[in-house]
Structure formats: C-alpha cells, structure tokens
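Provided herewith is a single structure, encoded as structure tokens, for subsequent inquiry.
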Amino acid sequence: MLKPEEAWTTGLFACCSDIGTCCFGSWCLPCLYGKNASKLRSTSCSGPGCCYACCPCFICIFAGNLRQEMRSKYSLPSEPCADCCVHLCCSPCAVCQEAREIKHRGLTPAGAYTFSDPQLTVPMRQNMG
C-alpha cells in the first residue's frame, strides 16, 4: 500500500529560509549536490559532485533521478513539475530545497560520526597502602 504524499518542508524558492544552505549552494553547488547524494545513497560525495560540476548538459537527468529517489523515499509530491524539469529550469533552487529537506529529516552521510552524550563512569577510589 502506498503511503500518502507529504508536503515538502520548504518551497522550491524558499532559499532564505535557511541562509547557510543557500550560501553553501551559491558558493559550491556541486559540493552541495554531492553532499545530498551522499546522504541519500550512502555513497561518497565526490563522484556525484564531480558529475554535477563536469557534466552540465546532463544535470537534469542525473539530478532529476536523485530528486525522484528522494521523493519516492519520503512520499513527496512532484512539485511544481516533473523532477527532470525542476532541475532543467532551476537546478540551484532544487538542490538547495533537497538539502533543506534532508536537513529537516536529520540524515547524516554514510560512515559519518554522529555525536551523542557519552556515558561517563567515574572509577572507584583506590586506596594505596
């Protein structure tokens, strides 16, 4: 049975809702795309990032495919149009929206160390003598 579609947490053009992601996407969009792919596919970020930087004619295909995987995984609607078209018309906005969605869902890259509160134990006092 299919899960009902959920709404994206932010809109396609809501870049100002997360200035950090917007700046990262503005200064190094291939790196942000690679980071997104790393979190969704549990792979290295370098391959997808290099493809994004070096194959601009095919961005709408492979970036659209990643967006489709993300929508399928989280039951997100195809908004405002098909995934390939979103990346064809405004790939920077789409990559930033995907990054905000990943951030909202709390995904971390494969193999990344996540910090948690350590369980500290104090050794018992020893008497010397």
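How do the peptides 68-74, 99-105, 32-38 rank, highest first, by the average count of neighbouring beta carbon atoms within 10 Å per residue?
32-38, 99-105, 68-74
Calculate the radius of gyration of the Cα atoms of region 10-50 to one decimal place, then report Dmax, the largest Cα-Cα distance, as a whole number, both in Å.
Reported Rg and Dmax, both Å: 10.9, 28.
Right, here's the next one. Averaging the inverse of every distinct alpha carbon separation and then flipping it gives the Kirkwood radius. What is it for region 58-101, in angstrom units?
Working: mean 1/r = 0.1000 Å⁻¹.
Answer for region 58-101: a Kirkwood hydrodynamic radius of 10.0 Å.
Across the Cα atoms of region 14-85, what radius of gyration and what greatest pairwise Cα-Cα distance (Dmax) are found, in Å?
Values for region 14-85 (Cα only, Rg and Dmax): 12.3, 30 Å.
Ignoring ligands, DNA and RNA, please state the percent of accessible area on region 1-71 from carbon and sulfur, probe 1.4 Å.
Values: 2810 of 4090 Å².
Carbon plus sulfur share of accessible area: 69 percent.
The values are calculated or read from the model by the stated rules, or taken from the named source; none is laboratory data. Not measured: the values here are computed from a predicted model. Neighbour counts run over all protein chains shown; Cβ positions are idealised from the backbone, glycine included. All accessible areas refer to the heavy atoms of the entire protein, side chains included, with ligands and DNA or RNA removed. Shrake-Rupley method; radii C 1.70, N 1.55, O 1.52, S 1.80 Å.
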